[in-house]
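Participant: Starting off with a structure, shown below.
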Amino acid sequence: MSTDLPTPARISSARALHAAASRLVPYRVHNPAVQQEPAWDAPQTRDLAQRACFDCHSNEVVVPWYGRIAPVSWVVTHHVEEGRAVLNFSEWNRPQEEAHESGEEIREGEMPPGYYTLLHGPARLDDAQLRQLAAPPSGAKGRRKATAEATATRTTTESGDIPAPAGYCGGELSPAKESPRCVPG
C-alpha cells in the first residue's frame with residue numbers, strides 16, 4: 001500500500017536540499033565602481049569613515065565570511081542597500097538626501113549602530129574620533145573646499161553636519177541663488 005504523505009526522511013531531505021541551495025545562491029552585496037567621494041577635510045576623517053561607515057554607506061563594502069552565507073547574506077545585503085540609499089560616500093555626485101543628518105546621528109550614538117560595532121572592532125571609535133567624524137568641515141558654514149583628491153565642491157548643510165554635494169540646500173538640490181546658505185557647484 002502506497003501513501004502520498006511525506007515521510008520524515010523525505011521531509012528532512014527536502015529541508016537539507018533547500019538549506020544547501022539557499023547557501024549556494026545567496027543574495028549578495030555588489031560593489032559598483034566608485035564615482036566620486038566627498039572632498040574630505042583630512043585623510044584621518046576619511047579613514048574614520050572607512051572604518052565606521054563604508055561597509056553600509058559606500059561602494060567599497062567588505063563583507064565578512066559569515067556575511068556571504070544565507071540567510072545572513074540577505075540581512076547584510078538589505079542593510080547595505082538601505083544604507084547606500086540614504087548616504088553613499090562613493091556616489092557623492094548624486095543627491096545625498098540625508099547627509100545633513102549624519103553628524104547628528106553620530107553625535108547621538110545612532111551611527112555606527114551597536115550591532116555593527118559589536119561584530120566589527122575597527123568600527124568602534126573613541127569619543128574624539130566620533131567628534132572628528134561628526135564635525136562639520138573646516139572653515140565657515142557653506143564655504144567651498146576642494147582637494148587634489150576630489151574635484152567636487154562641498155558645502156555644509158544648515159545644521160553644519162557632514163558636507164553635502166555642491167548645490168545641496170537642506171533637502172533638495174537647487175541652484176545656489178535660491179538659498180543664501182548654499183555655495184554654487
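The values are calculated or read from the model by the stated rules, or taken from the named source; none is laboratory data. Quick caveat: nothing in here was measured; it's all calculated off a predicted structure. No Cβ is skipped: glycine too gets one built from the backbone with ideal geometry, and neighbour counts run over all protein chains shown.
Participant: Of the residues 109, 83, which single one is under 30 Å from residue 132 (Cα atoms), surrounded by fewer than 14 Cβ atoms within 10 Å (Cβ to Cβ) and modelled with pLDDT of 90 or more? Steps first, answer last, please.
Facilitator: On the way: 83 fails: surrounded by fewer than 14 Cβ atoms within 10 Å (Cβ to Cβ).
Within the list 109, 83, the selection yields 109.
This table checks each residue for (1) closer than 26 Å to residue 27 by Cα; (2) touching a strand residue (DSSP E or B) at 6+ places or on another chain (Cβ under 8 Å); (3) in a helix (DSSP H, G or I).
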{"residue": "70", "(1), (2), (3)": "yes, no, no"}
{"residue": "74", "(1), (2), (3)": "yes, no, yes"}
{"residue": "80", "(1), (2), (3)": "yes, no, yes"}
{"residue": "100", "(1), (2), (3)": "no, yes, yes"}
{"residue": "105", "(1), (2), (3)": "no, no, yes"}
{"residue": "109", "(1), (2), (3)": "no, no, no"}
{"residue": "115", "(1), (2), (3)": "yes, no, yes"}
{"residue": "118", "(1), (2), (3)": "yes, no, yes"}
{"residue": "122", "(1), (2), (3)": "yes, no, yes"}
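Participant: For residues that are surrounded by 15 or more Cβ atoms within 10 Å (Cβ to Cβ) and at pLDDT below 75, scanning just the stretch 1-48, find the one that is farthest from residue 123 (Cα to Cα).
Facilitator: 22
Participant: Is it true that residue 51 is surrounded by 17 or more Cβ atoms within 10 Å (Cβ to Cβ), over 16 Å from residue 31 (Cα atoms) and of a type outside the set (Val, Ile, Thr)? Talk me through it step by step, then tell me what you get.
Facilitator: On the way: surrounded by 17 or more Cβ atoms within 10 Å (Cβ to Cβ): yes; over 16 Å from residue 31 (Cα atoms): yes; of a type outside the set (Val, Ile, Thr): yes.
So residue 51 fits the description; yes.
Participant: Another question about this same structure. Scan (1) surrounded by 18 or more Cβ atoms within 10 Å (Cβ to Cβ); (2) under 19 Å from residue 36 (Cβ atoms); (3) touching a helix residue (DSSP H, G or I) at 6+ places or on another chain (Cβ under 6 Å) for the single condition residue 102 breaks and write down its number.
Facilitator: Looking at each condition in turn, residue 102 falls short on (3).
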